[in-house]
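Visitor: If you scroll down you'll find the structure; I have some questions about it.
Values quoted throughout were computed directly from the atomic coordinates according to the rules given, and no laboratory measurement underlies them. Given the structure is predicted, the values throughout are model-derived calculations rather than measurements. Here the Cβ is made from the backbone with ideal geometry for all residues, glycine too, and neighbour counts use every protein chain on show.
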Amino acid sequence: MKVVVKGQGAVSLTQQDYVAEGGQGKVYAKGGMAYKVYHDPSSMIPEGKIQELTPLPSPPFSRPHDLLVQPKTGQVIGYTTRFVDDAWVLCQLFPRSFRDREGLTHKHTFHLAQAMRDGIQTAHKANILLVDGNEMNFLVDQKFKNLAFIDTDSYQTKSYPAVAIMDSIRDRRMNHTHDFNEGTDWFSFAVVAFQLLVGIHPYKGKHPNLKGFDARMKANVSVFHRDVRVPKAAYSFEVIPADWRAWFEAVLDRGERCPPPGGLLQAVLIKPVVKAITGARNLVLEKIGEFYHPVTGVWASGHNLIVATTSDVWMNARCVHRKPIQAVGFSPMGVPVGVQHQGDIPTMFNCQSRLGVNFGLNAQRVVDSGGTIYIKNRDKVLAVTLADVGDGTLASTRLVASVLPQASLLFPGGVVQNMLGSTFVSLFSKAQSHQVRIKELDSYRVLDGKWDEGARGGVLMVIATKKGKTDRLAFRFDPSFMSYDMRKVENIQSGDLNFVVTDAGVCVLLDGDNDCIELSATKKGSTQVKTVTDVVIGGDMRLFKRGAQVLVARGSTVYAMKMK
């Protein structure tokens, strides 16, 4: 596609530049600039509104800049804006599984909440309202330092009122349906910021009588209310500084509409406390080891057990590294190699010899699955091949998938990409990689995914959002990966993908919404599902595996989980 940037010249937009497609149009990115091309040019944002948005500083606001015109007719068909490359959508940061995997701390989330607050104040000073400041309209860089405000063309300016808002952040105390003001912006901010800090929507959880957003918001009954049961997957309210908690309660429970406290947020350091729980009916947790700091990952191969914490790495109860890691791969001889990814080039080390592993390739993202490390390097997904050489390890790469660089998401075990409106998933199976067309995901935006495989098959789960609601979808495939079945759980509260597939052919899922363990078969077409409830089950549990055995990390302790 060729377009003309008014006053600058023609630009060719190819499939490699494609980012996403929505109801209004398609978005492409090239050279640090995004190009929004409308399906229907009559829906184009008025030029007058573009002028009224110019007081917004860029960054952090990605506001419309130059007009795009059709080369032959000169018709205005879109606009350019600043492109935020290689970024997370804010809602991807909410689940515990993401935070553990990516090293996101409470200090990071406090900093981002402050940046969001400051940006909203900047807009208000310019007489501009965000109105639809939902969790999809903010992007965060890979280091969790910078926040970008996107979809600014929907903002309300002096001459152009806003017309839409996501239902989950809409203030039910407005006098009229579109009576937006600074107070309604602060209500929406309270909803999104609370999710960022605690990991759950403030009007979710379960109340014995009030169901849904409408009833709960109108009654001012948030998760702070004594009658609301909050899923254990949410973080303790103690992570919120006292002055901010008072503000949240005033806005969410008492109907006040005012800005949050000023000044810098101070991180509250929470040391997990693991209580000895007795009276278990169905499950037994047998302690394997305690590691002084919160556990973020557990990997097993043969006799080797690797445990990563927020501060260090342990191999078979011996500390082998004094920095946190994000992934682990195993060589053909079962030697574990840890990966730390904090810059452009991942750092690798041999956990057994503690020697570094040379690796000089840039990576936008690093994950592991089934003992193999995978990296995303622009339009390629590469598997890291490890070779044993004496006491050391050599690392090389092999191509496992070619992807659209701006429209793909690498997750543990696979990669999902939107190819001009059609969704394809590449799964990195033990035998080979499989690309599967999954039509059910076309209407969704995929936020996270995980493919896990045992000796008797695997399961793909994704967390995806559509029209302001988040669903969890699970897929099981036949041996040839030519067909699959699907199970969908709609409007979930927790976006965690906290599950493992064991060598016994069982998918073990910790259901954070209902604080229970769900057991199901990996075989396509099986209808057997068993739910296990027990006093030992909590949302702070992270599931890992060692063959057919399920391991549980809780705080700084690792357990083996057994059924009674």
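Visitor: As a quick test, which of the pairs K36/K439; K376/K430; K125/K467; K218/K439 have an alpha carbon distance above 28 angstrom in this structure?
Guide: Values: K36/K439 24 Å; K376/K430 19 Å; K125/K467 30 Å; K218/K439 38 Å.
Too far apart for the 28 Å limit: K125/K467; K218/K439.
Visitor: Let me ask something else about it. Calculate the dipole size of the range 1-98 relative to its Cα centre from +1 charges on Lys and Arg beta carbons and -1 charges on Asp and Glu beta carbons; express the result in debye to the nearest 20.
Guide: Numbers: 10 positive and 8 negative charges, 13 e Å.
Value, rounded to 20: 60 debye.
Visitor: Over the Cα atoms of the range 268-401, how large are the radius of gyration and the largest Cα-Cα distance (Dmax), in Å?
Guide: 16.6, 52
Visitor: Normalise the Cα radius of gyration of the range 326-457 by 2.2 N^0.38 Å (N = residues in it) and let me know the number.
Guide: Details: Rg = 15.3 Å, N = 132, 2.2 N^0.38 = 14.1 Å.
Taking N as the residue count of the range 326-457, the ratio is 1.09.
Visitor: Could you put L497, L473, L130, L112 in order, starting from the residue whose Cβ has the fewest other Cβ atoms within 10 Å?
Guide: Numbers: L497 26, L473 20, L130 29, L112 23.
So the residues, fewest neighbours to most, are L473, L112, L497, L130.
Visitor: Explain nothing, just the number: relative contact order of the range 106-254, from Cα pairs under 8 Å at least 6 residues apart, as a whole percent. Please report the intermediate quantities before stating the final value.
Guide: Working: 182 pairs, mean separation 30.3, N = 149.
Dividing the mean separation by the residue count of the range 106-254 yields 20 percent.
Visitor: Hey, what D do you get for the range 416-548 in µm²/s if you plug the Kirkwood alpha-carbon radius into Stokes-Einstein at 4 °C and 1.567 mPa s?
Guide: For the chosen part, D equals 84 µm²/s.
Visitor: Compute the Cα gyration tensor for the range 1-85, then decide on rounded, prolate or oblate, letting a ≥ b ≥ c be the square roots of its eigenvalues: rounded whenever a/c is under 1.5, prolate when a/b is larger than b/c in the other cases, and oblate in all that remain.
Guide: Working: a/c = 1.44, a/b = 1.14, b/c = 1.27.
It is rounded, given that a/c, with a ≥ b ≥ c, falls under 1.5.
Visitor: Among the aspartates and glutamates, which have Cα under 15 Å from the Cα of K6 when same-chain residues fewer than 8 positions away are ignored?
Guide: List returned: E47, D66.
Visitor: Just want the ordering: H434, H341, from fewest to most Cβ atoms lying within 10 Å of their own Cβ.
Guide: Working: H434 16, H341 22.
Ordered from fewest to most neighbouring Cβ atoms within 10 Å, H434, H341 come out as H434, H341.
Visitor: Still on this structure, I have one more. Would you list the membrane-span-like helices of the chain, meaning whole DSSP H runs whose alpha-carbon atoms span at least 15 Å along their axis and whose mean Kyte-Doolittle value is at least -0.5?
Guide: Answer set is 182-198, 242-254.
Visitor: Here's something else I'd like to know. For a footprinting-style exposure proxy, rank Y79, Y38 by other Cβ within 10 Å, fewest first. Intermediate values should be presented prior to the final figure.
Guide: Numbers: Y79 23, Y38 17.
Fewest-to-most ranking of Y79, Y38: Y38, Y79.
Visitor: Averaging sequence separations of C-alpha pairs under 8 Å and six or more residues apart, then dividing by the length of the range 278-433, give the relative contact order as a whole percent.
Guide: Details: 319 pairs, mean separation 18.8, N = 156.
Reported relative contact order: 12 percent.
Visitor: Can I ask one more? Count charges around D478 for me, please; just the other residues with Cβ under 12 Å from its Cβ, Lys/Arg as +1, Asp/Glu as -1. Intermediate values should be presented prior to the final figure.
Guide: Working: positive: R476, K523, K524; negative: D485.
Combined, the nearby Lys, Arg, Asp and Glu give +2.
Visitor: Given the alpha-carbon gyration tensor of the chain, what are the semi-axes of its equivalent ellipsoid in whole angstrom, ordered largest first, with each equal to the square root of 5 times an eigenvalue?
Guide: Working through the eigenvalues yields semi-axes of 39, 30, 22 Å.
Visitor: Determine ³J(HN,Hα), in whole Hz, for all residues of the range 354-365 in sequence, where each value follows from phi through the Karplus function 6.51 cos²θ - 1.76 cosθ + 1.60 and θ = phi - 60°; x replaces Gly and Pro.
Guide: 6, 7, x, 10, 5, 7, x, 9, 5, 8, 7, 7
Visitor: Can you tell me, using C-alpha contacts under 8 Å and at least 6 residues apart, the relative contact order of the range 2-82 as a whole percent?
Guide: Details: 138 pairs, mean separation 25.8, N = 81.
Worked out over the range 2-82, it gives 32 percent.
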